[in-house]
Structures are given as structure tokens and as C-alpha cells.
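Novice: Once you've had a glance at the structure underneath, I'll fire off some questions.
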Amino acid sequence: MKTSKLVAGAMALIVPATVCLTGCSYGVFNTFNYKYENADKYEAGNREIDDKITKINLDYAAGNVTVKGKDTDSVSVKETVNKEIDEDRQVHTWVDGDTLYVRYCASKNALNFTGIEKSLEITLPSAQNLDEFIINVSSGNVLLDSFTTDSLKSHSSSGNTKIACSAKAIEHKSSSGNVDLVQTGNADSIKVKLSSGNLVLTQEGDCNTFDIDSSSGKVEVYQTGNVGHAKIHSSSGGVKAEMGTVDDLSIEVSSGPLVLDAVEAKNLYTKSSSGHSTISLSKAPATSRINCSSGGIDVSIPEDSDITVHVKVSSGEFNYELPFTKDGKDYINGNGTNDMEIHCSSGDVGFHKI
């Protein structure tokens, strides 16, 4: 993908200098400072755009934002407001070649938004494949639906986010709010970072890399294709992952249950500090390291897994249904070529056949 002015100025454009001096929630402001580059090139108000748009750069300070792909030939930018407002407080847009820039209001200091509640809806041709889509919403719910883009970068400070689109590369950051992300088709990378809120991620296709980091909230992953490298981390809330075939899979949970159901994880690493780990694999991993500080571990694999299990249980019992032969502290199934280490500080460890 070739470098564009959109990328070169992303840091300056996607986060204008905005300051909310008093209470700001879904469009209710007192004094509001909002500055961005090339302000004189923007138009105020709703707009229909017939130009071919392949890049969108959107910053909306407060209010719900909806972007949908539809059976249309043009791009529509429409703002809904609870009262009549002047042009300075209306949505502002600028079309620069094939790039659409959308800003919350005029580039000015000390704009007063007391009692003003705004929301934004953008419709674009669903048949048009975008190169880039960048969106930043400071306060409000976000819905992105039924469009295709090579790159999607999304940031939300406060509010729920729902994404249902096809993108080769997705990067989402959220400070506070739940995220429901559905990616259709193959992807190069999916990266999600949440400070507070639950995540449900559904990926229907192959993906080279997964990287999910949640500080507080439940994480659910439903993935049906093949993944190269996947990393899932949850500080508090637990992880549930149903996946296809993963070359390298790492799951860490600081507090909460860890539930994994996968076709295959060739190289597996799990760590649970406080919570039970339940792992079910249709094929035994070539190498695996399963750790639990408190809560216990249950592993389900085929009866003929050809695996050597190194078990260390500090406080708890080790039980198994698989046909193991014991060699010192090791348990061997079949020819024992696959290698698994299990360490549980407090809790029982159980092996089950599927």
C-alpha cells in the first residue's frame, strides 16, 4: 500500500487539540477547544459527495457515530442535532483528492456546546473498497457496518463500539466501553487493546496475527480459520476462546476463568493466576506449557495423542483418563513425541479424552 498524506499526517489530524473544560458527555459541553490543520478548506453542514473516496479520516468529539456501506454511488455525511446550531458547531468536511476528512465542528477555541447533542451518520458505497479508514470518537457509541477496507484504525475514549466489516488490518483501542468486532474474510492482523469493557471478537477467515489485550473485562474470541500467531491477555475478567488451527497461541489471564476450545494449537502457552483453566484440543500440540497459580486445570485431548506430560502439582491431585505409562514424574501416551508441561500451584489437574 503506498504512503499517503493521510498516513503522514495521521497523528496531527486524527486527534485535534480538543479540551473539554467542564462536563462532557455525549455532546453536552460548556467551553470546548478544537483545532486542526487546513481548517479553511472544510465545509460546514451535511453533504453529498460524488467523488470517489478511498480514504476516510474521521474525528468526532461527542455523540454517536454510524458508518454504513449501502447500495449507493455517493458518500453521504448527515448530522442530527437536538436544536438549531450555527455553522461553527456543525460537522465539517473536506475532500482532498480521494480522501474524506470529517471533523466535529469548526477549528476554533472556546466554542460553547451547552445543551447541544449531536450524532453523525455516514453512508458510503458498499461496493467501494477503501484503502484506509481512521476514526476517533471521544465520547459516544460507534457502529461501523457493511464496508470493506484494507486498513481500519479505530479509537474510542468512552462508549460502546460495534464493528462488522472486512479489513485486512484492524487496530482498535478503547478506554471505556464494550467492543463487538466481527471481521469477515481473511486478515493480515487484528489488534485490540481495551482499558475497561468486554470484548467479543468473531473472525471468519484466516489471520496472520492476533493481539488482544484487556485490562478489565471479559474477552470472548470466536475464530474459524487458521491463525499464525495469536496472543490474548486479560488482567481481569477471564478469557473464552473458540479457535481453528493456530501455529503459536499464548493466553494469559490474571483473574478469571480460562476456557480454550481449538482444533489445534501447535505451540501453546497458557497462564492463569486466579481461575480455573479448561482446555480442549482436537489435536495435541507439538509443544505446550500450561500454568495455573490457583484454580485447577482440565485438559481434553484425543486418546491417541502421542504425548509426554511433565506434571508438577504443588497442592492438588492429578487424575487422568488417557492411557498413560509412568516414567518417573512423566506420563507418556503412545510414542510421546509431543511435549507438554503442566504446573499447578493450587488446584487439581485432570486429563480427559475426547
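The values are calculated or read from the model by the stated rules, or taken from the named source; none is laboratory data. Since we're looking at a predicted model, the values are computed, not measured. As a convention, Cβ positions derive from the backbone with ideal geometry for all residues, glycine included, and neighbour counts pool all protein chains shown.
Novice: Would it be correct to say that G177 is assigned to a loop (DSSP other than H, G, I, E, B), in contact (Cβ under 8 Å) with a residue 12 or more places away in the chain and under 19 Å from the mean Cα position of the chain (by Cα)?
Specialist: yes
Novice: Only residues that are closer than 23 Å to N141 by Cα, in contact (Cβ under 8 Å) with a residue 60 or more places away in the chain and not hydroxyl-bearing (S, T, Y): list them for the stretch 65-112, please.
Specialist: Within the stretch 65-112, V65, V67, K68, G69, K70, R103, C105, A106, L111, N112 meet the criteria.
Novice: Got a number for residues in the stretch 224-272 being within 19 Å of N178 (Cβ to Cβ), touching a strand residue (DSSP E or B) at 6+ places or on another chain (Cβ under 6 Å) and among the polar types (S, T, N, Q)?
Specialist: 1
Novice: If you scan the stretch 237-261, which residues turn out to be in contact (Cβ under 8 Å) with a residue 24 or more places away in the chain and touching a His at 6+ places or on another chain (Cβ under 6 Å)?
Specialist: Answer for the stretch 237-261, where residues must be in contact (Cβ under 8 Å) with a residue 24 or more places away in the chain and touching a His at 6+ places or on another chain (Cβ under 6 Å): just P257.
Novice: Taking the stretch 305-316 as the region of interest, how many residues are at pLDDT 95 or above, surrounded by fewer than 19 Cβ atoms within 10 Å (Cβ to Cβ) and part of a loop (DSSP other than H, G, I, E, B)?
Specialist: Selection size over the stretch 305-316: 1.
Novice: Quick check, is S293 farther than 29 Å from E204 by Cβ and modelled with pLDDT under 95?
Specialist: Taking the combined requirement at face value, the residue satisfies it.
Novice: Now for a separate question. Given (1) under 16 Å from I163 (Cβ atoms); (2) hydroxyl-bearing (S, T, Y); (3) modelled with pLDDT under 95, where does T202 come up short, assuming only one miss?
Specialist: That leaves (3) as the condition not met.
Novice: Take the conditions within 27 Å of the chain's Cα centre (by Cα), within 24 Å of A187 (Cα to Cα) and surrounded by fewer than 19 Cβ atoms within 10 Å (Cβ to Cβ) and apply them to S157. Does it pass?
Specialist: No: the conditions fail for S157.
Novice: Please find, among V192, V263, V221, V246, the residue that is out of contact with any Asp or Glu (no Cβ under 8 Å at 6 or more places or on another chain) and hydrophobic (A, V, I, L, M, F, W, C).
Specialist: Unique residue meeting the criteria: V263.
Novice: Could you grab me the full set of residues in the stretch 138-157 that are part of a loop (DSSP other than H, G, I, E, B) and free of Cβ contacts under 8 Å to residues at least 24 places away in the same chain? Before you say what the answer is, go through the steps one by one.
Specialist: First, the residues of the stretch 138-157 that are part of a loop (DSSP other than H, G, I, E, B): 140-141, 157.
Correct list: S157 only.
Novice: If a residue must be part of a loop (DSSP other than H, G, I, E, B) and either among the acidic types (D, E) or over 37 Å from the mean Cα position of the chain (by Cα) (or both), how many such residues does the stretch 317-342 contain?
Specialist: Of the residues in that region, 10 qualify.
Novice: Which numbered condition trips up D88, out of (1) out of contact with any Leu (no Cβ under 8 Å at 6 or more places or on another chain); (2) charged (D, E, K, R); (3) over 14 Å from E121 (Cβ atoms)?
Specialist: Result: D88 fails condition (1) only.
Novice: Can you name the residue in the stretch 226-253 that is among the hydroxyl-bearing types (S, T, Y), closer than 14 Å to N198 by Cα and more than 14 Å from the chain's Cα centre (by Cα) and, of all such residues, is surrounded by the fewest Cβ atoms within 10 Å (Cβ to Cβ)? Spell out the reasoning first.
Specialist: Filtering the stretch 226-253 down to residues among the hydroxyl-bearing types (S, T, Y) leaves 234-236, 245, 250.
Right, trim to closer than 14 Å to N198 by Cα and you get 234-236.
Right, trim to more than 14 Å from the chain's Cα centre (by Cα) and you get 235-236.
Details: S235: 17, S236: 15.
Ranking the qualifying residues of the stretch 226-253, first place goes to S236.
Novice: How many residues are in a strand (DSSP E or B) and either under 23 Å from L124 (Cα atoms) or within 25 Å of the chain's Cα centre (by Cα) (or both) when one looks only at the stretch 94-111?
Specialist: If we filter the stretch 94-111 for residues that are in a strand (DSSP E or B), which is where we start, we get 94-96, 99-103, 108-111.
When the remaining residues are screened for being either under 23 Å from L124 (Cα atoms) or within 25 Å of the chain's Cα centre (by Cα) (or both), the result is 94-96, 99-103.
Residues flagged as in a strand (DSSP E or B) and either under 23 Å from L124 (Cα atoms) or within 25 Å of the chain's Cα centre (by Cα) (or both) within the stretch 94-111 amount to 8.
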